[in-house]
Amino acid sequence: MQTIEITDFNQLAEYASKLPEEYDWFKDVRFSFSDDIKGIKMRFQGERFESTLNTSMMRSILDLQKGLYEQYALFMYANKTKRLTLEEKQMLELYVKVEEGSSWIELIPLPIIKAAAERVKKMTGKEIIATIAAVSIGATLCISVPKIIDSHEKRKELEQMAQLIEGVQKTTVEAQIAALNAQTEFYRGVSKQTDSTDITINGEQVTSVQLREIVRKPREKVDIETLSYSGDFIITDIHFKDDAMYLDVVKIDTGKEIKYVNIFGEMISEDDYQWFKDSTNRQTIEMSIATTEKKGKIIGAKLVSFKKQ
């Protein structure tokens, strides 16, 4: 099994971006976290910033803290509104250090990442959850200015995907959405710091134009579509994972190939499972399949209905 050491938060965010589309990849990978990982540093310069935090900045940090609680609750209990215990809240608590001179703020998340990974590992039977939780919780706190502009589009993509998947993968998607929401609310507060003449985050200077772009509602055309395919299909392969069944199919009249069509357990019986297996590469089946597609690429699919021949 491959072990990857995380040495900075940009690297952590890169791995987090693999979730959930490359979910299987994480089954054979474990992460260790370098003790040299630094906290996330923000500097505010201006007349009213002298080793102090104003109320709007404090609210922004509390929004980030709330997002962290929600993300953890999603992994632990599949419910972001679940009330956490005092022990859990203390484990996930952010620490803020304000230094003398122009106001520097340092959020120190390394203890959170390590503690949360160990906590999840002990409370679940699936090792994959520990890895995903550790990576995603850390990525919630990763502030990288160039990537924030794309968060609106990524959130829409994840929301579409969440409608087509279940189980651990759905939880992973919802936790990613919680992370993006937490970042957005944090930057909404940062964008109100009009008294600051200079804002620097992890060595990157943030302009007022960037801040407005981060928190504005996007107007660009959404390129994610939900489509429906109906007709005769043939099953080319069957996959089982996380107690769910997925089909690879080809539409007979067009040759359209759709992989990993999700079959929700409540719509088929045990006899249907066997019938699908027996039909693979043998007979056509009339089906209706819903897909979510981005720029012509299928990113999710589910079986809506079928008829036995």
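As a quick test, which of the pairs Lys66/Lys302; Lys192/Lys295; Lys18/Lys114; Lys89/Lys154; Lys82/Lys297; Lys66/Lys97 have an alpha carbon distance above 30 angstrom in this structure?
Working: Lys66/Lys302 33 Å; Lys192/Lys295 35 Å; Lys18/Lys114 20 Å; Lys89/Lys154 28 Å; Lys82/Lys297 35 Å; Lys66/Lys97 19 Å.
Listed pairs above 30 Å: Lys66/Lys302; Lys192/Lys295; Lys82/Lys297.
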(request) Compute the distance in nm between two label points, each set 7 Å from the Cα along the Cα-to-Cβ direction, one at Gln163 and one at Thr280. (result) 3.0
(request) Between Lys295 and Lys66, with labels modelled 7 Å along Cα→Cβ, what's the label distance in nm to one decimal, could you check? (result) 3.4
(message) I need the peptides 73-79, 180-186 ranked by packing, meaning the mean over residues of other C-beta atoms within 10 angstrom, with the highest value on top.
(response) 180-186, 73-79
(message) In segment 224-307, if the dipole is taken from +1 on Lys/Arg beta carbons and -1 on Asp/Glu beta carbons about the Cα centre, which of Leu227, Ala244, Phe306 is farthest to the positive end?
(response) Leu227
(message) Highest mean first, how do 259-265, 25-31 rank when packing is the count of other Cβ atoms within 10 Å averaged over residues?
(response) 259-265, 25-31
(message) Let's test the formula: R0 of 25 Å, r as the Cβ-Cβ distance of Arg30 and Lys241. What FRET efficiency results, to the nearest 0.05?
(response) 0.85
(request) Rounded to whole Å and ordered largest first, report the semi-axes of the equivalent ellipsoid of segment 224-307 derived from its Cα gyration tensor (root of 5λ). (result) 20, 15, 11
(message) Starting from the 7 Å offset along Cα-to-Cβ, what nm value, one decimal, do you get for the label separation of Thr81 and Ala115?
(response) 2.7
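Every number here is computed from the coordinates shown, using simple stated rules; none is lab data. Treat the numbers as computed from the prediction; the structure is a model and nothing was measured. All Cβ positions, glycine included, derive from the backbone under ideal geometry; neighbour counts span all protein chains shown.
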